[in-house]
Each structure stands twice: as structure tokens, then as C-alpha cells.
Amino acid sequence: MNLRFTPRAWEKLYLYIRLAEGEVGGLGSVVPDRDGFLMVDCFLIDQQATDVDTMLDPEALSRFLVGYAAGGDDPGDLRLWWHSHAREQVFWSMDDEHTIDNFGGELLVALVGNFAGKFLARMDRFEPKRETEGWLNLEPPGPQPSVDGAAAVDAKADLQSCVRVLTRRTNKPWTDAGMPHRHD
């Protein structure tokens, strides 16, 4: 199965992950596609983040969901959870597995990326029984977006507005040797 992206969803996702100070996460709207799913839009929700974790604000998430539905959009399309591992490799951590297991609904597309532009995606089904159905091949609509320009300015403003960065000291090693700093 594949995960494709609209150009705007890809641009927002890539820039949010690449330009964040540490980890960052959000939701995405997806629709079934010919060979998997199409990510139609990417949403950044108020959250607290460090260099190694992020937590969406539950009240902000509730406000977002109410506003999304009130705007005439189908909350059932919000079946994609995305987040970053900042400078770490892309993999499914125990925290990620916990988040996926507790997402609920019929299915979830989960995506993790990092500053180096690496991504990993999967699809989990919850009904009629809980199972990870498989890994998804990512099909971006084009090259990685530029970290300069109007879209990057907008992404930086969104990050500034929505992500409360908590400074944390850690001895956790970076596991992706040679990974560029987010501003490179």
C-alpha cells in the first residue's frame, strides 16, 4: 500500500518536521486512494515538545475537532497521526505504539519523520480486530520543499504559535549520525 500526498499537505508536513526545534506532531486528513491513502491536509495542534517527545494539548485537540466539524469537514477523515523524532532515526518507539494503540476508530495511518527527511509510515486497523496491516510506501508529490521562502516562513510562524518548547537536558545519543541540524 502507498501513502501519497497533495502538494500542500507534503509541504506543510515536511516543513513542520524540518523546522521544529525538537519533536513535533499533529493530525492529517486522509482519504482512501487507488493503492492506499492520500494525505489531503496536515494540521499542527497546540502542544508541548522537547528534543525527544511531544504531547498534543487535549483541550486544543478538542477545540480543533469541534472547529473542523463545524467547518463542514468530516472528522472521520482525520485518520493520520504524524510526528517527528527530530534528530533520531525513524522507528516506532514504545510511546508511539501506545499512542497508536489508543487512537481508536476503524483505522489509523501513522507517520514518523526526522530532520534528515527520512519517513516511515504504517496502517493499523482496529476493527474488527486489532492488527498492523502493513507498512506504507511514501510517494511525495515532488522534491523536498525548500526551507527558505514563503511556505517556510508560514511554517515557522505556525510552529511559533502552536509548539511550546520545553528545554530538557538529555544524555540520549543522536542515532542518525551526520544528520543535519534543523537550520542547515
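Taking into account only those residues within segment 116-147 that are polar (S, T, N, Q) and not in a loop (DSSP other than H, G, I, E, B), which is surrounded by the most Cβ atoms within 10 Å (Cβ to Cβ)?
Here the answer is 132.
Considering (1) over 20 Å from residue 9 (Cβ atoms); (2) of a type outside the set (Asp, Glu); (3) part of a loop (DSSP other than H, G, I, E, B); (4) modelled with pLDDT of 95 or more, say which one residue 66 fails and leave the rest.
(3)
Restricting attention to segment 98-115, report how many residues are buried (at least 17 other Cβ atoms within 10 Å of the Cβ) and either part of a loop (DSSP other than H, G, I, E, B) or among the acidic types (Asp, Glu) (or both).
2
Out of all the residues in segment 148-184, which are of a type in the set (Asp, Glu), modelled with pLDDT under 60 and either surrounded by 12 or more Cβ atoms within 10 Å (Cβ to Cβ) or over 17 Å from residue 84 (Cβ atoms) (or both)? Steps first, answer last, please.
Keep residues of segment 148-184 that are of a type in the set (Asp, Glu), which gives 148, 154, 158, 176, 184.
Now drop any that are not modelled with pLDDT under 60, which leaves 176, 184.
Selection gives 176 alone.
Any chance segment 74-97 includes a residue that's surrounded by 15 or more Cβ atoms within 10 Å (Cβ to Cβ), part of a strand (DSSP E or B) and over 13 Å from the mean Cα position of the chain (by Cα)?
Scanning segment 74-97 turns up no residue that is surrounded by 15 or more Cβ atoms within 10 Å (Cβ to Cβ), part of a strand (DSSP E or B) and over 13 Å from the mean Cα position of the chain (by Cα).
For segment 46-58, which positions are crowded, with 17+ Cβ neighbours inside 10 Å and not charged (D, E, K, R)?
Listed by number, the residues that qualify are 47, 49, 50, 54, 56.
Any chance segment 2-11 includes a residue that's within 25 Å of residue 137 (Cα to Cα), outside any strand (DSSP E or B) and either of a type in the set (Val, Ile, Thr) or touching a Leu at 6+ places or on another chain (Cβ under 7 Å) (or both)?
Yes, the conditions are met somewhere in segment 2-11.
Report yes if residue 34 is basic (Lys, Arg) and either in contact (Cβ under 8 Å) with a residue 12 or more places away in the chain or under 24 Å from residue 152 (Cβ atoms) (or both), otherwise no.
Details: basic (Lys, Arg): yes; either in contact (Cβ under 8 Å) with a residue 12 or more places away in the chain or under 24 Å from residue 152 (Cβ atoms) (or both): no.
No, not satisfied.
Any chance you could count how many residues in segment 14-33 are within 18 Å of residue 135 (Cβ to Cβ) and not in a strand (DSSP E or B)?
Final tally of qualifying residues: 0.
Do we find a residue being in contact (Cβ under 8 Å) with a residue 24 or more places away in the chain and in a loop (DSSP other than H, G, I, E, B) anywhere in segment 150-163?
The answer is no; no qualifying residue exists.
The values are calculated or read from the model by the stated rules, or taken from the named source; none is laboratory data. Remember, predicted model here, so these are calculated numbers, not experimental data. All Cβ positions, glycine included, derive from the backbone under ideal geometry; neighbour counts span all protein chains shown.
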